[in-house]
Amino acid sequence: MTERVLVTGGSGYLGSHCIVALLRDGHQVRTTVRSLAKADEVRALVTKGGQNADALEVVAADLTADAGWAEAVAGCTRVLHVASPFPMGVPKDANELIVPAREGTLRVLRAAAEAGVARVVLTSSFAAIGYGHGPRSTPFTEQDWTDLNGPRPVAPYPQSKTIAEHAAWDFVAAHPELELAVVNPVGILGPPLGGDPGHLGGHGLPAAGRYAGRAQCAHGLGRRA
């Protein structure tokens, strides 16, 4: 059975791969971009991924504002929340990352709950699991959380992923009708659908051009309600 799925952040490296995979599997797909000026760019990525760009619906919604989210989730049964700020450098103020990551996640979850969405899959990160800890000899599991007050300082990006994911779990605890699954990848490697093939579009890592085919997670964990 095909479903209508919303993918946030469709112009990004991971978001564009998610769109292509969903269309390949026969689903109806809607995606968000901060500005509709990016709509043609997203459709071009879908075409490069071998799918029909006319089948994709593109709407405007920004993680920093409420406008557009009710319309974005309307009629969707599933949401892949992929969009999140990713810095190319360390910001002077950690809140430059924390606030949009946390508040943006809550905006998506609130809109999804109000629209009767059945399930949200949140792309978090191993950054929400493996940072701030002292030396250890045991593997990390989905039960572990980054320790923001631990023996090792935690940079703004891992802070933002940890705080945003905690906020997501707190939200669904108060809204049990909404199912949440969280993916906590380490590295996501593979060819970007657009841009310089020698670099990984979503994470700025070198030499992604050596990987052929679809985006793949090098390793990671996940949590589920």
Condition met for GLY50 (at pLDDT 95 or above and closer than 24 Å to VAL117 by Cα): no
Looking at segment 27-48, which of the residues that are among the charged types (D, E, K, R) and not in a strand (DSSP E or B) is nearest to the chain's Cα centre (by Cα)? ARG34
If we scan segment 55-63, do we find a residue that is part of a helix (DSSP H, G or I), surrounded by fewer than 16 Cβ atoms within 10 Å (Cβ to Cβ) and touching a strand residue (DSSP E or B) at 6+ places or on another chain (Cβ under 9 Å)? yes
Do we find a residue being modelled with pLDDT under 95, over 17 Å from the mean Cα position of the chain (by Cα) and β-branched (Val, Ile, Thr) anywhere in segment 94-103? no
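Just a yes or no: is a residue in segment 70-91 part of a loop (DSSP other than H, G, I, E, B), more than 18 Å from the chain's Cα centre (by Cα) and closer than 27 Å to GLU3 by Cα? Working first, answer last.
Residues of segment 70-91 part of a loop (DSSP other than H, G, I, E, B): 74-77, 82-91.
Add one more test, that the residue is more than 18 Å from the chain's Cα centre (by Cα), and what stays is 74-75, 89-91.
Retained after the next criterion (residues that are closer than 27 Å to GLU3 by Cα): 74-75.
Yes: one or more hits.
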Of the residues SER160, SER137, only one is out of contact with any helix residue (DSSP H, G or I) (no Cβ under 8 Å at 6 or more places or on another chain) and either in contact (Cβ under 8 Å) with a residue 40 or more places away in the chain or among the small types (Gly, Ala, Ser) (or both); which? SER137
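Just a yes or no: is a residue in segment 83-91 modelled with pLDDT of 95 or more and buried (at least 19 other Cβ atoms within 10 Å of the Cβ)?
Keep residues of segment 83-91 that are modelled with pLDDT of 95 or more, which gives none.
Looking for residues that are modelled with pLDDT of 95 or more and buried (at least 19 other Cβ atoms within 10 Å of the Cβ), one finds none in segment 83-91, hence no.
Might you let me know whether segment 111-127 holds any residue that is assigned to a loop (DSSP other than H, G, I, E, B), among the β-branched types (Val, Ile, Thr) and either more than 21 Å from ASP62 (Cα to Cα) or at pLDDT below 95 (or both)? Explain how you work it out, then say what you get.
Residues of segment 111-127 that are assigned to a loop (DSSP other than H, G, I, E, B), as a first pass: 116-118, 124-125.
Pick out the ones that are also among the β-branched types (Val, Ile, Thr) and you get 117.
With the extra rule that they be either more than 21 Å from ASP62 (Cα to Cα) or at pLDDT below 95 (or both), the set shrinks to none.
Within segment 111-127 (the criterion being assigned to a loop (DSSP other than H, G, I, E, B), among the β-branched types (Val, Ile, Thr) and either more than 21 Å from ASP62 (Cα to Cα) or at pLDDT below 95 (or both)), the answer is no, since none of the residues qualifies.
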Where residues in segment 169-188 are in contact with a Lys or Arg (Cβ under 9 Å, 6 or more places away or on another chain) and part of a helix (DSSP H, G or I), which of them is surrounded by the fewest Cβ atoms within 10 Å (Cβ to Cβ)? TRP169
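The values are calculated or read from the model by the stated rules, or taken from the named source; none is laboratory data. These numbers were taken from a predicted model, which means no experiment stands behind them. A quick note on method: Cβ atoms are made from the backbone with ideal geometry, for glycine too, and the neighbour counts reach across all protein chains shown.
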